[in-house]
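Report on the structure given below.
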Amino acid sequence: MEYATIGQNATQLEKSSEESIRVMEKTLENVEQQRDETAMVATAMYEMGEATQHVAQNTSEAAKVAENAKACVAKGKTTALDTQEIITQLAAEVNNASTVIKSLATETDSIGNVLEAIRGIAEQTNLLALNAAIEAARAGDTGRGFAVVADEVRSLAQRTQNSTGDIQKLVESLQNEAKNAVNSMQKGVKSTETCLEKSDETTSALEAATQAVNQISDLNTQIASTAEEQSAAAEQINSNVNNISRIAENTSTGAIQTASANQKTAKSIIALHGCLKQYKVYADQN
C-alpha cells in the first residue's frame, strides 16, 4: 500500500515536472520574444531620439537664418523709408520748380504784352513822323529843319520796331522753352508721385515680410523647444526600455536555469520511478 502511494506520487510528480518543463519552455519562448521586441523598441527609440535631436538642431539653424532674414528685412525697410523721404523732398522741390517756371511763363506773357504796346507806340510815332515830314515839305525852306528832326524820329521809331520784333522773337522762344519746362516738370511731378506710391508699396511689403519672419522665428522657437522636450522624453523612454531589456535578459537567464533544473528534476523523478518499479519486482519475487 505504501509502495502504491509512493508510486502514484512519483507518477504525479513526474507529470507535474513535465508540465512545469512545458510551461518554462513556453515562458522562455515568451521571454525571448519579449527581449527581441524590447530590443526593437529600444532601437526605434534611439533612432527617434537621434531624429528628434536632428530636428532640434535644424530648427535652431532655421531660427538663426530667420533672425538674419529679419535683420536684412529691417535694414531694407530702413533704406526704403530713407528713399521715401528723399523722394518726398524731391517731389516738393519739383513742385516748387514747376511753380517758379509757371510764374516765369506768366511774366514772359506780360513782357509780350509790353512789347506789343511798344510796337503800337513805335508805329504811331512812325506815322506821326511821316506826317511831320509831309508838313515840313509843304513849308519849304522854313520847315527844312523840322523835316530833319522828323526823319530822325522816324528812323528811331523804325529801329524801335525792329528791336521790338527781335525781342518779341526772343520772348516767344523763352515762352516755348518755359512751356516745355512746365510740361517736363509736370511729368517729373507725376513720376515722383509714382515713385512715392511704389515706395509705399515697398514699405508695406517689407512690413508684411517682417511680420512673416517674426512669425517664422516664433514658430521655430516653439518647434525647437518641443523637439528638445521630445528628445529628453525619448532619452528617458530609451533608458526605461534598456532597463526593461536588462530585466528581460535576466528573466530569460533565470528561465533557462529554471528549465534546466526542472529537466534535471524530471530525470531524477524518472530514475526514482524506475527504481521503485525494480523494487516492486524484487518485492514481488520474495
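The values are calculated or read from the model by the stated rules, or taken from the named source; none is laboratory data. Since the structure is predicted, the reported quantities are computational estimates derived from the model, not experimental observations. Glycine also receives a Cβ, built like all others from the backbone with ideal geometry; neighbour counts cover every protein chain displayed.
Values for this structure:
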| quantity | calculated |
| --- | --- |
| Qualifying residues in region 102-141 (those that are over 21 Å from ARG159 (Cβ atoms) and among the basic types (Lys, Arg)) - the one surrounded by the fewest Cβ atoms within 10 Å (Cβ to Cβ) | ARG138 |
| Among (1) among the charged types (D, E, K, R); (2) surrounded by 14 or more Cβ atoms within 10 Å (Cβ to Cβ); (3) modelled with pLDDT under 75 - the single one ASP151 does not satisfy | (3) |
| Conditions (1) modelled with pLDDT under 80; (2) within 30 Å of LEU90 (Cβ to Cβ); (3) of a type in the set (Asp, Glu); number of the one not met by ASP141 | (2) |
| So THR164, is it in contact (Cβ under 8 Å) with a residue 12 or more places away in the chain and either loosely packed, with under 14 Cβ neighbours inside 10 Å or not small (Gly, Ala, Ser) (or both) | yes |
